[in-house]
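Enquirer: Mind looking over this structure? Questions follow.
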Amino acid sequence: MADSPSQNPERKSRYTSGRGIAGAFEGETVTRRRFMEGTALAVGGIATAAFALPALGFALGPIFEDTTPTRWQPVGPEGNFVDNDYVPRVINIAPNIGDAGKTTIYVRRFNKKQDKVIKGEDPQPYVAISTRCAHLGCPVGYKSAAQKFICPCHGGIYGFQGEVLGGPPVRPLDRFYTRVTNGQVEIGDRFSVNSKLERFSPRDPSNHLDGLWQYLYPARPTT
Amino acid sequence: MPPPIPKFLRPSPPRPGKGSNGRNGRNGAGDGGVSTAAPTVKDRAEEATASTVGWLDERSGLSPFLRGFLYRKVPKGTNWYYTLGSATMFAFLSQAVTGVFLAMYYEPDPTRAYESASHITNDVFLGEFVRGMHKWGSSVMIILIFLHMGRTFVFGAYKYPRELNWIIGVILVVLTLLMGLTGYLLPFDQRSFWATVVAVNINASGPIVGPYLADFLRAGSEFGTTTIPRFYAIHMLLVPGLIAALIGAHLYLVAKLGTTAPPWLKAQKKDLMKEEI
């Protein structure tokens, strides 16, 4: 071939003028065709990113923001609760979605004999157990006669403290912060506990909180 | 003397290099010259379909493509099992059509979803039928897509050069299952609510990314106001668009590469060759 590089050394030049391109500037290395290609790609890329990135952020945004403010919900006067049995109460955990946002919790007074105070944690005046099973989130029910929480979905069983006695759950039942204001028991945010009932930020069901496992299930910005 | 024919009904002049005036008249066919007899309205009506198709074909060049696509040769031994893919596609089309009409009545709002779904079933004319088609059709589509996958696997039709089509097919299976998952929430009764709670928490059980994935699906840490709209948008906009596009790619590759003969046919051919020798 006549224009193969070996026979036509001018084609190897890195300067457009050296390659005999008409209208080349002195010292120019990028042909106008290549420049236009690059410009078209860059402009197309910027235009695509201009709508794709905001849309992506829009969809992923809820992962990174905590939109649920702390709310203290009264569940009745102190006299309604004892320290050796649970009383069911309904609280609202998600606003504006009707009954779907409500959940049952079980409340009892802090029991000085049975409940241990964990070092470094302020003890809660009341124990409020979440009914969200720590396996996959089904609603557990408290059986007063057996003093156990039973999950109807996959057979998880929890003891009086919410600790796992059997079945697939990976950690004890979640709890809620409690306080007493003007004689009324109030329920605050959810928190999770590990098998020693040490407090963690709220996790999803099925997230382990013991040993090395806890590092595979990080705390999330949403909670 | 008859009245003058309107201009749009007059025969067009012959094309260069053509003897007669072609598509527009049978009157001058074969005689090599321009005929003086005009076509009647009846003649034109009879040719309306052919001339419309011809008009489209001349401007789009579709007929070689369609001929190659619809009249392609298939191997000997092609049988009813080869229709499972088309059956799956028709199940998808049925889902798409019934889904579009369900969307006219459904309200993706946590406080209205159950009411509007009940309204479709109980009050809307044929609503029970259309919703039933969509509900049962979803199961039909899942069954068909797995039968199609099994047929492809058992017949060895995933082998070279059709690996890419297998990969596209696997993505289609995943997307179809995603349709099932996101659609299950929408009636918003007790079953669909708790099934979705469990499904989202199964996603949350994945290490590291799981909790974030669950947050993405719920649009937050709890099942909230925007969870149903999110599932609804994924169910009716995002995934169906992807499925339609990938079905296009899937069909293109089928037409391009052709289908495989059933495996037992090769064995017969070997026997035949032995006999011939």
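Enquirer: Can you list residues from other chains, or at least 5 along the same chain, whose modelled amide H is less than 5 Å from the amide H of residue B:219?
Expert: So residue B:219 has HN proximity to no qualifying residue.
Enquirer: Just to be sure I understand: with springs between alpha-carbon atoms less than 10 Å apart, which residue in B:264, B:194, B:136 has the highest mean-square fluctuation in the Gaussian network model of chain B?
Expert: So, out of B:264, B:194, B:136, the one fluctuating most is B:264.
Enquirer: With θ set to phi - 60°, apply the Karplus curve 6.51 cos²θ - 1.76 cosθ + 1.60 along the stretch A:56-70 and write out the HN-Hα couplings as whole Hz, x wherever there is a Gly or Pro.
Expert: 5, x, 4, 6, 8, x, x, 5, 10, 10, 9, 9, 9, x, 5
Enquirer: Could you work out, residue by residue across A:99-107, how many beta carbons of other chains sit within 10 Å of that residue's beta carbon, and then give the average as an integer? Write down the numbers at each step before the final one.
Expert: Working: counts 4, 14, 6, 0, 1, 0, 0, 0, 0.
Neighbouring Cβ atoms belonging to other protein chains average 3 per residue here.
Enquirer: Inside 10 Å of the C-beta atoms of A:135-142, what's the mean count of C-beta atoms belonging to other chains? Present the calculation step by step, with values, prior to reporting the outcome.
Expert: Values: counts 4, 9, 11, 4, 2, 0, 0, 0.
Partner Cβ neighbours, averaged per residue: 4.
Enquirer: Output ³J(HN,Hα) for the stretch A:164-173: one whole-Hz value per residue in order, computed from phi by the Karplus curve 6.51 cos²θ - 1.76 cosθ + 1.60 with θ = phi - 60°, and x for Gly and Pro.
Expert: 6, 9, x, x, x, x, 9, 7, x, 5
Enquirer: Let me ask something else about it. When chain A is treated as a GNM, springs tying every alpha-carbon pair under 10 Å, which of A:47, A:145, A:59 comes out with the largest mean-square fluctuation?
Expert: Result for chain A, Cα springs under 10 Å: A:47 fluctuates most.
Enquirer: Let me know the charge dipole size of the protein assembly as shown about its Cα centre in debye, to the nearest 20, where only the beta-carbon of Lys, Arg (+1) and Asp, Glu (-1) is charged. Don't skip to the end; give the middle numbers.
Expert: Details: 54 positive and 39 negative charges, 297 e Å.
Its charge dipole is roughly 1420 debye.
Enquirer: Efficiency by 1/(1 + (r/R0)^6): what FRET value for residue A:70 and residue A:117, r their Cβ-Cβ distance, R0 = 25 Å, to the nearest 0.05?
Expert: Numbers: r = 23 Å, r/R0 = 0.92.
According to the calculation, E is roughly 0.60.
Enquirer: With r as the distance between the Cβ atoms of residue B:56 and residue B:159 and R0 = 41 Å, compute the FRET efficiency 1/(1 + (r/R0)^6) and round to 0.05.
Expert: Numbers: r = 39 Å, r/R0 = 0.94.
For R0 = 41 Å, the calculated efficiency reads 0.60.
Enquirer: Add +1 for every Lys or Arg and -1 for every Asp or Glu among the other residues with Cβ under 14 Å from the Cβ of residue A:28, and state the total. It would help to have the intermediate numbers written out before the result.
Expert: Numbers: positive: A:14, A:19, A:32, A:33, A:34; negative: A:26.
With Lys, Arg at +1 and Asp, Glu at -1, the neighbours total +4.
Enquirer: Let me ask something additional. Which of B:47, B:128 comes first, and how do the rest follow, when ranked by fewest Cβ neighbours within 10 Å? It would help to have the intermediate numbers written out before the result.
Expert: Numbers: B:47 16, B:128 13.
Neighbour counts put them in this order, fewest first: B:128, B:47.
Enquirer: When a footprinting reagent is the concern and you count Cβ atoms within 10 Å, what order do B:193, B:155 take, fewest first? Can you show the working numbers first?
Expert: On the way: B:193 21, B:155 18.
Neighbour counts put them in this order, fewest first: B:155, B:193.
Enquirer: Relative contact order of the stretch A:119-178, please, whole-number percent, based on alpha carbon pairs below 8 angstrom and at least 6 residues apart. Display every interim value, and only then the final one.
Expert: Working: 112 pairs, mean separation 20.7, N = 60.
So the answer I get is 34 percent.
Enquirer: Then there is this: Across peptide B:208-215, what mean number of C-beta atoms from other chains lies inside 10 Å of a residue's C-beta? Mind dumping the intermediate values first?
Expert: On the way: counts 4, 1, 6, 12, 7, 2, 8, 10.
Neighbouring Cβ atoms belonging to other protein chains average 6 per residue here.
Enquirer: Kindly write out, for the stretch B:65-75 in residue order, the coupling ³J(HN,Hα) from the Karplus curve 6.51 cos²θ - 1.76 cosθ + 1.60 (θ = phi - 60°), rounded to whole Hz, with x marking Gly and Pro.
Expert: Working through the residues one at a time gives 5, 5, 4, x, 7, 8, 10, 5, 6, 10, x Hz.
Enquirer: Determine the dipole magnitude for chain B: charges of +1 sit on the beta-carbon of Lys and Arg, -1 on that of Asp and Glu, nothing else is charged, the reference point is the Cα centre, and the result goes in debye to the nearest 20.
Expert: Details: 27 positive and 18 negative charges, 270 e Å.
For chain B, the charge dipole is close to 1300 debye.
Enquirer: Let me ask you something else. If I stretch the segment between residue B:168 and residue B:244 completely, what's the gain in nm (0.36 nm per residue apart, minus their alpha carbon distance), one decimal?
Expert: Values: separation 76, 0.36 × 76 = 27.36 nm, distance 1.18 nm.
Full extension from residue B:168 to residue B:244 adds 26.2 nm.
Enquirer: Follow-up question, since we're still on this one. Would you calculate the separation in nanometres between label points at residue B:47 and residue B:123, each defined as 7 Å from the Cα along the Cα-to-beta-carbon direction?
Expert: Here the modelled spin labels are 5.7 nm apart.
Enquirer: Sticking with this one: Taking the Cα atoms only, what angle lies between the long axis of helix B:84-102 and the longest principal axis of chain B, rounded to 10 degrees?
Expert: So the inclination is approximately 70 degrees.
Enquirer: Still on this structure, I have one more. Using per-residue counts of other Cβ atoms within 10 Å, averaged over each peptide, order A:48-55, B:214-221, B:107-114, A:95-102 from highest down. Could you put the intermediate results ahead of the total?
Expert: Working: A:48-55: 10.1, B:214-221: 23.8, B:107-114: 19.2, A:95-102: 15.9.
Descending packing order for the listed peptides: B:214-221, B:107-114, A:95-102, A:48-55.
Where a number appears in this text, it was derived from the coordinates with a stated rule and is not lab data. Since the structure is predicted, the reported quantities are computational estimates derived from the model, not experimental observations. FYI the Cβ positions are ideal-geometry reconstructions off the backbone, even for glycines, and counts take in every protein chain you see.
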